[in-house]
Structures are given as C-alpha cells and as structure tokens.
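Peer 1: Starting off with a structure, shown below.
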Amino acid sequence: MFDLDLQQGRAELLPGTTTETWGINGPHLGPTLRAERGDEVTVNVDNALPQATTIHWHGMHLPADADGGPHQMIEPGDSWSPSWTIDQPAASLWYHPQGETADHLYRGLAGMFLLDAQEASALPLPSEYGVDDIPLIIQDERFDDDGRLDFSQSMISTIGRLGDEILVNGTYDPYVEVADRLVRLRLLNASTARIYDIGFADGREFDLIGTDGGLLEAAERTSRVQLSVGERAEIVVELEAGEQAVLRSFEPDLGTNAFEGRFAGAEDSFDLLALRAADELGDSPDLPATLVAKEGPQESEASWLRRFELGNRDINGVQMDMARIDEVVGVGATEVWEGRTPPARRTTSTSTTCASGSSTTPESRPRPISPGSRTPSTCPPGRWCASRSPSRTTPTRQSRTCSTATSSSTRTAG
Ligand SMILES: [Cu+2]
C-alpha cells in the first residue's frame with residue numbers, strides 16, 4: 001500500500017533561490033515506489049493541487065481502470081485508489097501525471113516505480129539502492145530572472161518546451177560519491193520534450209543492462225544510449241579508485257533537418273552527473289554473461305497487423321481526440337504493430353513491435369494508409385494480417401516484413 005499526496009511547495013532548484021513547485025509527498029518530485037512480482041499493490045493518490053490531474057504508471061501492465069489515463073482525472077480535493085497485481089519482469093518504471101501532462105511534469109510531478117522479480121534479483125548486479133544502484137530522473141527546466149519556472153513556449157520549436165538548466169533528481173549540478181567498482185544507473189528521461197544521448201565525458205564504454213521493458217537477455221557494451229521522453233535505460237559503469245567520471249548528454253541524433261534540429265535540442269550537450277569514486281573501492285562481482293530470459297508475446301503467434309504512420313502531431317493522419325477511439329485491442333491476443341515516421345523527416349526508419357490484442361472496430365477507422373506511401377511488405381505464410389482500411393472488416397492476407405518481437409499488453413504509452 002502506497003500513499004501519494006500531490007501537493008504544492010517550494011524547492012531550491014537553482015542554488016540560492018526557491019521556486020514554486022509541485023511534488024508528491026514533498027515539494028518536488030515523488031518517492032521511489034518499489035514492488036515485487038506477485039505483489040498486490042494499492043496506491044492512494046490524494047490531489048491537494050489546485051488543478052485536476054491523475055497519476056499514470058508508465059510501463060506497468062495493469063487493468064485499464066487502474067491505469068491513470070486522462071479519462072481518469074482526480075479533481076482538486078479528491079482521491080483515487082487503484083489496485084492491481086504486479087505481473088511482469090523486473091523493470092525500472094515511473095509514474096507521472098496525465099491530462100496536462102507536460103505542464104504538471106514540468107512542475108515536478110514524477111517518480112520512479114521499480115519492479116523486482118526473482119530471476120533478476122538472483123543476478124549478481126549492483127543492487128544496493130542509492131549506494132551502487134542509483135535512480136537518475138533527468139529533466140530540463142527554464143527559469144525566469146526571479147527563479148520562477150518559465151512556461152513560455154518557443155515560437156520556433158514544434159516539439160514542446162526545452163529547458164536550458166538540467167536537474168537530476170531535482171538537483172542542480174549534482175554529484176554522487178561512490179565506493180564500489182561497478183555502479184548501476186537507472187536513467188529516466190522525465191523531460192517534456194528533450195531527447196538525450198547519454199554517455200561519459202571521457203568516452204568510456206559501459207554496459208547497457210536494461211531498457212523500458214526490463215533487463216536484457218545479456219548486457220550490451222556501448223558508449224552511448226539515446227533516450228527520448230519517458231524512456232528508461234539501466235547501465236553499469238566501472239570506476240577507478242579516486243577518479244571522477246562525468247555522465248554527459250551529447251548532441252542527440254533527432255533525425256530532423258539542421259534547422260528544425262537546432263530548435264529541438266540537436267546541438268545541445270549537458271553534463272548530467274559527476275561520479276566521484278572513493279580512494280579505495282569495494283570490489284563488485286563481474287557482470288554475468290547472461291541476464292534474464294526473454295518474456296512476452298512471440299511474433300510467430302501474432303494474428304493481426306496494425307500500421308501506424310507517425311506524423312508531427314497526428315497518427316495515421318488524425319489528431320488525438322478524447323471523444324474518439326481509433327483502435328480497440330482485446331486483452332490476451334498477440335498482434336504485430338508497425339510504426340513508421342513520415343518520409344519527409346526520415347525515410348528509412350521502420351520498427352515493428354508485437355503487442356497483445358485482438359479485434360478492431362472498422363467504423364472508428366480514420367482513413368486508409370495510401371499504399372504508395374510505404375514499401376511493399378509481406379505477411380508470412382499461414383498468418384492473417386490486416387490493413388487499416390475503413391471498408392474492410394475481415395483480416396486479409398498482405399505482404400509485410402517484420403523484425404522484432406517485444407512486450408506490452410494493456411499498457412498505454414504517454
Ligand atoms: Cu507515460
């Protein structure tokens with residue numbers, strides 16, 4: 001059972017000045033919640049804020065009525081107590097408001113929600129919370145001369161509000177003292193628009209051990225990990241005694257043209273956190289060769305294909321509308337979802353995801369995707385695939401290519 005009190009407060013976000021903020025059980029940000037697979041969880045959310053909001057459990061597999069979507073607003077003075085059973089692999093999730101999502105997140109409504117599971121807990125990974133296993137909530141904010149949060153919107157940028165001051169766990173110019181050879185960082189991009197390309201100032205390599213869905217099957221050696229809004233990554237970095245290692249965000253690859261990119265943060269680089277290693281470091285066990293077995297839907301079981309053309313402010317040509325439902329997915333079935341970014345912005349990017357679900361509602365279809373706008377694709381033999389067509393109610397065979405199969409059943413992104 002968790003109690004989350006959404007409240008107004010003041011916090012010293014910039015040194016020497018206090019800022020009006022919102023927080024959860026405190027003036028800014030919220031506590032880290034932690035639960036284990038199999039736990040039954042109830043969260044009592046009390047809204048003492050002057051505006052309606054709600055809290056969404058980002059990445060959690062749960063029933064829709066516990067999800068905290070924008071259709072489940074908590075009015076000022078009201079409370080909401082969803083319950084569910086944790087049934088997914090160990091992962092670094094987070095919680096944040098919905099409704100006026102960006103504004104409320106920018107004011108400070110966010111926290112981590114860590115899930116543990118037996119298979120993951122048995123691994124010899126750094127796991128002492130706050131010691132060698134450190135959550136990092138990364139946000140960019142903009143302040144006016146009086147230290148107030150600046151809510152003005154750029155006239156040029158089309159992708160939201162970019163800040164010019166970086167806060168990590170609500171702290172300006174942060175450092176952490178570490179006393180172990182290996183340190184695990186759970187990175188969360190809790191910004192409203194900014195994309196970070198995270199690595200170390202000295203270019204050192206580290207191990208990526210987990211992403212949004214939880215731990216990987218095996219650690220992957222890399223020197224950069226790019227995180228868009230809401231994304232998480234777990235990395236493990238090795239330190240030498242007495243050194244200082246600086247975690248930095250480098251210029252991200254946004255896939256835009258140079259002009260657009262400039263106003264979307266493509267030329268920005270920030271130091272995020274200094275890791276100060278003690279003069280003597282405790283030894284940590286080496287990372288295991290394999291981490292956890294892959295779970296989730298198998299692509300070979302997919303019975304339905306949905307295609308999503310992502311525009312700047314629309315999906316398949318229509319903008320979000322609370323009064324309309326475009327896709328209805330049944331619980332328990334397996335589908336392939338194919339996403340595509342607009343050709344004008346990026347021509348080569350396609351990604352395919354398998355998700356659970358089943359039927360569709362033809363009458364709610366927005367408009368068919370023009371066949372000329374995509375590459376030919378194949379539906380594997382023996383599989384039913386459906387195209388997004390308003391006139392078609394039964395699945396038909398189609399060509400398609402598909403690559404990966406990953407997670408997600410009842411989760412809503414956003
Ligand atoms: Cu979300």
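Matching residues to (1) among the acidic types (Asp, Glu); (2) in a loop (DSSP other than H, G, I, E, B); (3) in contact with a His (Cβ under 9 Å, 6 or more places away or on another chain):
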site	(1), (2), (3)
Pro124	no, yes, no
Ser127	no, yes, no
Pro135	no, no, no
Asp146	yes, yes, no
Arg184	no, no, no
Leu187	no, no, no
Ala193	no, yes, no
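Peer 1: Anything in the range 195-223 that is assigned to a loop (DSSP other than H, G, I, E, B) and surrounded by 17 or more Cβ atoms within 10 Å (Cβ to Cβ)? List them, or say none.
Peer 2: Matches in the range 195-223: Ile195, Asp212, Gly213.
Peer 1: Kindly provide the set of residues from the range 35-63 that are more than 16 Å from the ligand (Cβ to nearest atom) and either in contact with a His (Cβ under 7 Å, 6 or more places away or on another chain) or small (Gly, Ala, Ser) (or both), ordered by number.
Peer 2: Listed by number, the residues that qualify are Ala35, Gly38, Ala48, Ala52.
Peer 1: Right, another one. Given the structure, is Asp286 under 23 Å from Gly203 (Cα atoms) and in a loop (DSSP other than H, G, I, E, B)?
Peer 2: Yes.
Peer 1: Please work out which one of (1) of a type in the set (A, V, I, L, M, F, W, C); (2) more than 22 Å from the chain's Cα centre (by Cα); (3) not assigned by TED's automatic domain parsing to the domain that holds Asp180 is the condition Leu291 fails and give its number.
Peer 2: (2)
Peer 1: Among (1) of a type outside the set (Val, Ile, Thr); (2) assigned to a loop (DSSP other than H, G, I, E, B); (3) touching a Gly at 6+ places or on another chain (Cβ under 8 Å), where does Ser92 come up short?
Peer 2: (2)
Peer 1: Name the residue that is farthest from Met1 (Cα to Cα), counting only residues in the range 35-50 that are of a type outside the set (A, V, I, L, M, F, W, C) and in a strand (DSSP E or B). Full working, then the answer.
Peer 2: Filtering the range 35-50 down to residues of a type outside the set (A, V, I, L, M, F, W, C) leaves 36-40, 42, 44, 46-47, 50.
From what's left, in a strand (DSSP E or B): 36, 40, 42, 44, 46-47.
Values: Glu36: 13, Glu40: 8, Thr42: 5, Asn44: 8, Asp46: 14, Asn47: 17 Å.
If we take residues in the range 35-50 being of a type outside the set (A, V, I, L, M, F, W, C) and in a strand (DSSP E or B), then Asn47 is farthest from Met1 (Cα to Cα).
Peer 1: Out of all the residues in the range 18-34, is one or more of a type in the set (D, E, K, R), away from the ligand (no atom under 16 Å from the Cβ) and either in contact with a helix residue (DSSP H, G or I) (Cβ under 8 Å, 6 or more places away or on another chain) or assigned to a strand (DSSP E or B) (or both)? Walk me through how you get there before you give the answer.
Peer 2: First, pick out the residues of the range 18-34 that are of a type in the set (D, E, K, R): 20, 34.
Checking the rest, the ones that are also away from the ligand (no atom under 16 Å from the Cβ) come to 20, 34.
Remaining after also requiring either in contact with a helix residue (DSSP H, G or I) (Cβ under 8 Å, 6 or more places away or on another chain) or assigned to a strand (DSSP E or B) (or both): 20, 34.
Yes: the range 18-34 contains one or more residues that are of a type in the set (D, E, K, R), away from the ligand (no atom under 16 Å from the Cβ) and either in contact with a helix residue (DSSP H, G or I) (Cβ under 8 Å, 6 or more places away or on another chain) or assigned to a strand (DSSP E or B) (or both).
Peer 1: Give me the pairs: first residue in the range 55-78 and of a type in the set (Val, Ile, Thr), second residue in a loop (DSSP other than H, G, I, E, B) and within 14 Å of the ligand (Cβ to nearest atom), beta-carbon distance under 8 Å, and six or more apart or on different chains, which are they?
Peer 2: The qualifying pairs are Ile55/Gly68; Ile55/Leu109.
Peer 1: Going through the range 67-104 one residue at a time, which ones are aliphatic (A, V, I, L, M), surrounded by fewer than 21 Cβ atoms within 10 Å (Cβ to Cβ) and within 15 Å of the ligand (Cβ to nearest atom)?
Peer 2: Of everything in the range 67-104, just one residue is aliphatic (A, V, I, L, M), surrounded by fewer than 21 Cβ atoms within 10 Å (Cβ to Cβ) and within 15 Å of the ligand (Cβ to nearest atom), namely Ala102.
The values are calculated or read from the model by the stated rules, or taken from the named source; none is laboratory data. Note that this is a predicted model, so its numbers are computed, not measured. So basically every Cβ, Gly included, is an ideal-geometry build from the backbone, and we count neighbours across all protein chains shown.
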